[in-house]
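Values quoted throughout were computed directly from the atomic coordinates according to the rules given, and no laboratory measurement underlies them. Since we're looking at a predicted model, the values are computed, not measured. FYI the Cβ positions are ideal-geometry reconstructions off the backbone, even for glycines, and counts take in every protein chain you see.
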Amino acid sequence: MDQWDLKDKVVVIAGIGDDAGFAWAIAKAFKNLGAKVIAGTWPPLLGILEQILANEKYSESRKLKNGQELVFDAIYPLDALYDTLDAVPQDVKENKRYKGLDDFSIKGFVSRVAQDFGKVDIMIHAIANAKEIKNPLSMTSREGYLHALSASSYSFVSLCSCFKTIMGSNGSCLTLTYRAADQVIPGYGGGMSSAKAALEADVRYLAYELGQEKMIRVNAISAGPLASRAARAIGMIDSMIEYSFNNSPIQRDLEAEDVANTMLFLASPLSKAITGQVIYVDHGLGIMGRPTQNAEKKEEALI
């Protein structure tokens, strides 16, 4: 059997909204291998995604290895803050970016996937949001803190819980994390560091529970910094990329495809004995305990 033949696989990517982040590269990677790919998109980003998929100026970004263009097998609205439509506040339902949409809650999203595709083999969680990301943790409100955990970590728990019902044995659930889960990254605030720490703990518990229940594997990728649209909201992504380049064992800018290729491996039978793990895709930055001598010399030269 060809371990990379995914023509019979159904892949769900929750949290794709543009062509600049990890989720887009992951979608293309799975499409390149023949998988069916379903996009779950935050309602305010639906219009942006539709434009990227239709506008000629994005044709190069859509191009697959075989020369064809990326086409999703389905795109559904998804707001992962809500497990059911009943939990959605009335003002959100009446918002112009939500009004008229089908059930965009997690359970509504999963129900539509089940109805249209019958099963899911691979679920990828690429959702992170913190309303107060620019606030230091000590200046983050309770509401902001809980929003970060709800959107960025509990959403993975909820999606795994719902998708396991239509996922067979040997399925795979994957998420994206960041080294702020266990290291201090000044400026990475609003409770997002706490959310990533919770997410990594949840990966371990879900790996145990879903593995025992249905032999489903659960893993995370801790990716290095990438200048995606979402990352630019933090406001310091350029300095993070520069620091990573200067201090990593391998001095090279991270590409979204690096993470996408690792996702392919973790979703494939080649990694059938790997679960509950956080795999670092960051050119080795995560192993470094202090800046490199080269980086220190560069700083000295600037003084």
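Taking neighbour counts of Cβ atoms within 10 Å as a proxy for exposure, in what order, fewest first, do 97, 142, 179 appear?
142, 97, 179
With a 10 Å Cβ neighbour count serving as the proxy for reagent exposure, in which order, fewest first, do 248, 111, 169, 138 appear?
Fewest-to-most Cβ neighbours within 10 Å comes out as 138, 169, 111, 248.
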Output the 0 to 90 degree angle, nearest 10, between the alpha-carbon long axis of helix 256-267 and the longest principal axis computed from the alpha carbons of the chain. 50 degrees
Report relative contact order for the chain in percent, whole number only (criteria: Cα-Cα under 8 Å, sequence separation at least 6). 18 percent
Determine, for 42, 4, the number of other Cβ atoms within 10 Å of each Cβ, and report the residues in order from fewest to most. 4, 42
Under a crude label model (7 Å from the Cα following the beta-carbon direction), how far is residue 287 from residue 212 in nanometres? 3.4 nm
Take residue 116 and residue 102, extend 7 Å from each Cα along the Cα→Cβ direction, and tell me the distance between the two endpoints in nm. 0.6 nm
What does the charge count near residue 30 come to, summing +1 for each Lys or Arg and -1 for each Asp or Glu among other residues with Cβ under 9 Å from its Cβ? +4
Residues other than residue 105 with Cβ under 12 Å of its Cβ, Lys/Arg counted +1 and Asp/Glu -1, net out at -2
Rounded to the nearest 20 debye, dipole of the chain from Cβ charges on Lys, Arg, Asp, Glu: 180 debye
Around residue 184, under 14 Å between beta carbons, what's the net of Lys plus Arg minus Asp minus Glu among the other residues? +2
Choose one answer from 225, 77, 186: the residue with the largest mean-square fluctuation in a GNM of the chain with alpha-carbon springs under 10 Å. 186
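Tally the DSSP beta bridges in the chain and give the antiparallel ones as a percent, rounded to 5.
5 percent
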Relative contact order (%) - region 1-157, alpha-carbon pairs under 8 angstrom, separation at least six: 25 percent
Fully extended contour minus Cα-Cα distance, from residue 141 to residue 8, at 0.36 nm per residue: 43.3 nm
When the chain is fully extended, how far beyond the present Cα-Cα distance does residue 204 get from residue 243, taking 0.36 nm per residue of separation? 11.1 nm
Compute a Gaussian network model of the chain, connecting alpha carbons closer than 10 Å, and tell me which residue from 287, 133, 122 fluctuates the most. 287
With the dipole of region 152-218 defined by +1 on each Lys or Arg Cβ and -1 on each Asp or Glu Cβ, the option from 205, 162, 181 whose Cα lies farthest towards the positive pole is 162
